Structures are given as C-alpha cells and as structure tokens.
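What follows is one structure encoded as structure tokens, with my remarks underneath.
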Amino acid sequence: MFEFISKIFQNEKLKSEWINVLGNPKLVTVIFIILYSFSSFCVWKKYSWSPSSQINFGKEFADQNKEQTPPGAIVFLGEEGNLGAGYDGQIFYYYSRMLSGFSLDWPNGFETSFRAPRIGYPLLVSPFGWFGMNATIFGMYILNLGIFYLSYLAIRDLLPDPKKYLSAFYLLSPFALGSYILLVSDTVMMGLSILAYWSYIRKRFIIFSLFAGLAILTKEQAIFLFFPLGLMTLFQKEYRKSIWVASSLLLPGAWSIYLRTQFPEWTPGSLGHFFDPFGGLLGYFGELQQAIVSGDLNLILLVKKFSRLPLVLLLLSGTYLLFRGDWKKGLVFRIGFGILLLTAYAGGYILYWATYENVSRMFTFSLPLLILWEKEDDTIPSGTYWVLTGIILVSFLIKLAFVSKVLRHLIW
C-alpha cells in the first residue's frame with residue numbers, strides 16, 4: 001500500500017497541481033473556514049444548535065459544579081453503564097471558571113494528578129469568564145481558532161517559498177479539527193509551541209520563553225519540540241540559547257512546586273500510569289479480531305471499530321520515516337517525531353487505543369514536527385504520511401456527518 005501511494009506522489013504533474021492549490025493561503029483559509037464551520041454545524045444541529053455541545057458536559061460533573069454550569073447547556077447523560085461523565089472539554093471549562101473568579105479552589109469531582117498541571121489553556125481562557133459563563137464557552141472557541149490560525153501564519157512564515165504549501169497540511173490537520181470539536185487543549189498546545197519556535201528563530205527570546213512555558217503548561221507534549229531543541233543547542237555549544245530554552249521550564253516548574261504544596265500526592269511521575277508499551281495496540285488488534293470472528297454485521301459498529309486502523313497505518317508510516325532521509329538535517333524534529341511515536345506505541349488500551357478520540361490526539365503534534373523536519377531535509381519520503389492524514393480527515397468528516405449518533409442528553 002505504501003509503495004502504491006508513493007508512486008502517486010511521483011507523478012510530477014499531479015504533484016505540481018496540488019502544490020499550487022495548497023500554496024495559495026487565501027484559498028486554504030477559505031477551506032479552513034468552511035471545514036470548521038461544517039464540523040460545528042454537524043455537532044450543533046444534533047443538540048438544539050447549542051455551542052455548549054462541544055464542551056461535552058457530563059451530568060456527573062455538572063451536578064457537582066452546579067453554580068458554574070451555564071443555564072441551557074447541553075449536558076450528556078451517558079450510555080448504559082456510564083454515569084454521563086462527558087469529556088475533557090468540561091474539565092478545562094470548570095478549571096477556567098475557577099481562575100476567572102481569582103480562585104484556586106479545585107473544581108469538584110476531578111482528579112488532580114494530570115489535570116492540575118495543565119493550567120495553560122484554562123488560564124488563557126479565564127479573562128473571557130469575567131463576562132459570564134457563556135463568555136467562557138465562546139472564549140474556548142476563540143482561543144482554539146485564534147491561536148491555531150496565528151500559528152499557521154507563523155509556520156508558513158518559517159517555510160521557504162517552495163515549501164510554503166506544507167503549511168496547508170498544518171491548517172487542515174484532522175487532529176487539530178478533532179481537538180477543536182472537543183474543545184480540548186491539543187491544538188492550543190501545538191499553536192503555542194509553533195509561536196514559541198517562530199519567536200526562537202526570530203531571536204525574540206523573551207517571547208519564546210513565555211510561549212514555550214505556556215505550551216508546556218497546556219500539555220506536556222510541547223516538550224517533544226523543546227527538549228531536542230535544547231539538546232541541539234548544547235551539542236552546538238550555543239549556551240546562551242540553551243539557557244533561553246531551559247527558561248521555558250520556569251513557569252511549569254513554579255506551578256509544579258505550588259501543586260506539591262496543595263496536593264501532596266501529586267507527582268510528575270503520575271503520568272507514567274497511562275502507558276503500557278504495546279498494550280494499547282495489542283488490545284486494539286484483539287478488539288478487531290473479536291469483531292471479525294463474531295461476524296457482527298452492524299455497519300456503524302464496524303466503522304467505529306475500524307476507524308482507528310488508519311491511525312495504526314499512520315504510526316507505521318511515521319516509523320518508516322524515522323529511518324529515512326539525511327541524518328545530518330532536521331535532527332531536532334526527527335528526535336521529537338520519534339519521541340511522539342514512542343508514546344503512541346506505549347499508549348495503553350483503556351485510556352488511549354480503546355477510543356478514536358483519545359488515540360488520535362496523540363498524533364496532533366506530529367504534523368508540525370514533520371513539516372519543520374521537511375523544511376530542513378528534502379529527502380524525506382513523506383507522501384504516504386500525508387495521504388494517510390488526508391484519508392483520516394475525510395473519514396473524520398464522514399463520521400461527524402453520518403456515523404456519530406445523538407447521545408442521551410438534557411438541557412441544563
């Protein structure tokens with residue numbers, strides 16, 4: 001399959017036509033607006049046209065945080081055996097509401113081990129909350145879209161003219177779109193990381209330190225860029241730059257010290273509980289085998305089970321890329337890309353590979369890392385990775401429009 005896709009990309013005429021289309025920023029921006037508007041339309045129409053439907057409030061947590069749950073919000077009841085816990089967007093909403101009130105009283109019902117360190121996203125949303133609970137919801141939309149589009153302009157600015165078309169892959173990422181649909185932190189983390197890297201390249205180091213620190217505080221995956229970047233500055237004996245890269249840890253470090261005083265049981269090592277090397281993949285393959293052997297012809301159920309298969313192929317394609325190209329070029333991004341793939345291999349089944357949403361979010365940061373890697377190295381055979389990403393985007397849109405059913409819910 002990989003060889004077939006590679007042959008398609010060797011068609012120079014077809015490749016040239018695609019590059020011309022993707023290299024047009026106005027056209028790509030229009031596609032971006034249509035794509036995100038259509039995706040929100042697919043969700044809102046199922047839930048009384050309420051923007052709160054993308055927050056994914058769960059009744060279990062809404063009941064415990066009644067004063068901060070906005071009237072009229074869509075609150076999910078859950079399915080059989082599920083208490084209606086909703087999804088991660090509500091965590092950032094309640095976290096932000098806490099900060100909007102200049103309080104550090106942790107929202108009821110949420111554990112702190114890996115939620116509390118991720119203050120970056122709710123902190124940036126919190127000023128919107130001064131204007132009310134619905135303003136917090138719209139702030140989450142604005143922050144996701146605004147930072148993401150600004151980072152698109154930044155990554156496009158970093159690319160040389162012949163490669164500016166690669167920035168379109170960034171803006172039309174299925175993983176960024178999936179993060180937006182759930183209003184979670186992945187796209188915000190990625191956008192802040194790219195803005196930080198742009199500031200680093202432009203030698204605006206104070207801005208870099210601020211953006212990089214906020215990116216790490218938003219989600220730990222940001223380290224996949226800054227850790228190898230710091231190693232490279234040490235290797236090249238650019239010690240002044242090494243100090244600036246290290247300064248990105250000041251904000252996360254200070255917040256971690258505070259958390260240790262408030263939640264003595266909290267430790268950065270708690271994140272390790274979510275990883276089970278190859279356990280997630282093996283669990284998913286077992287799930288597929290069971291579906292095939294059972295002979296269940298429920299089309300929607302089969303589509304859901306096989307929706308993660310393109311992600312497995314993407315993981316294999318990315319692994320292939322790690323051993324290709326010029327090892328003297330783009331080493332920062334090769335290392336970061338490799339660490340990201342390792343986390344995908346190590347992701348456990350229950351918390352990652354059991355659901356499309358969880359495991360797909362692990363690949364969000366792979367796209368800017370690959371784009372920046374390709375900026376440095378012309379010899380990377382990335383065509384298969386980009387085609388698979390396109391297939392995942394189309395599949396995600398089909399899922400939104402036709403497969404995803406209306407979940408049990410109430411209007412708060």
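Can you sort 331, 104, 183 by how many other beta carbons sit within 10 Å, fewest first?
Lowest count first: 104, 331, 183.
First measure r as the distance between the Cβ atoms of residue 306 and residue 278, then evaluate 1/(1 + (r/R0)^6) with R0 = 30 Å and state the FRET efficiency to the nearest 0.05.
Approximately 0.90, to the nearest 0.05.
May I ask you to list the residues of region 132-174 whose amide nitrogen lies under 16 Å from a point 7 Å from Cα along the Cα→beta-carbon direction of residue 102?
132
Determine which residues of region 86-121 fall in the zone a paramagnetic label at residue 411 would reach in this model, i.e. backbone nitrogen under 13 Å from the point 7 Å along Cα→Cβ.
No residues fall inside that zone.
As a check on your grasp of the helix formula, calculate [θ] at 222 nm for the chain: sum -39500 (n - 2.57) over DSSP H runs of n ≥ 4, divide by the residue count, round to the nearest 500.
Result for the chain, helices only: -19000 deg cm²/dmol.
Report, as a whole number in µm² per second, the diffusion coefficient that Stokes-Einstein gives for region 112-159 at 25 °C and 0.890 mPa s using the Kirkwood radius over alpha carbon pairs.
Value of D from the Cα-based Kirkwood radius: 202 µm²/s.
Can you list the residues, at least 5 places off or on another chain, whose amide H is less than 5 Å from the amide H of residue 57, using H built in the peptide plane?
76
What is the extension gain from residue 397 to residue 201, computed as 0.36 nm multiplied by their sequence separation minus the C-alpha to C-alpha distance, in nm to one decimal?
67.0 nm
Short version: ³J(HN,Hα) in whole Hz for each residue of region 321-338, in order, from phi by Karplus 6.51 cos²θ - 1.76 cosθ + 1.60 (θ = phi - 60°), x for Gly and Pro, what are they?
So the J values, rounded to whole Hz, are 5, 4, 9, 10, x, 8, 5, 8, 10, x, 5, 4, 7, 4, 5, x, 4, x.
Between residue 235 and residue 256, what FRET efficiency comes out of the Förster formula 1/(1 + (r/R0)^6) with R0 = 41 Å and r the beta carbon distance, rounded to 0.05?
Result of the calculation: an efficiency of 0.95.
Determine, for 118, 324, the number of other Cβ atoms within 10 Å of each Cβ, and report the residues in order from fewest to most.
Result, fewest neighbours first: 324, 118.
Only Cα pairs under 8 Å and at least 6 apart count here; give the relative contact order of the chain as a rounded whole percent.
Worked out over the chain, it gives 20 percent.
Amide H neighbours of residue 409 under 5 Å, at least 5 residues apart or on other chains, H built in the peptide plane: list them.
The answer is 77.
Among 44, 65, 140, whose Cα projects farthest towards the positive end of the dipole of the chain, with charges put on the beta-carbon of Lys, Arg (+1) and Asp, Glu (-1)?
140
Among the listed pairs 163/241; 45/399; 164/219, give every one whose C-alpha distance is greater than 18 Å.
Checking Cα-Cα distances, 163/241; 164/219 exceed 18 Å.
Of 97, 260, 115, which has the largest mean-square fluctuation in a 10 Å C-alpha GNM of the chain?
Answer for the Gaussian network model of the chain: 260.
No lab work stands behind these numbers, since they all come straight from the coordinates. From a predicted model like this one, the values you see are computed outputs, not experimental measurements. For neighbour counting, all protein chains shown are included, and Cβ atoms are generated from backbone atoms with ideal geometry for every residue, glycine included.
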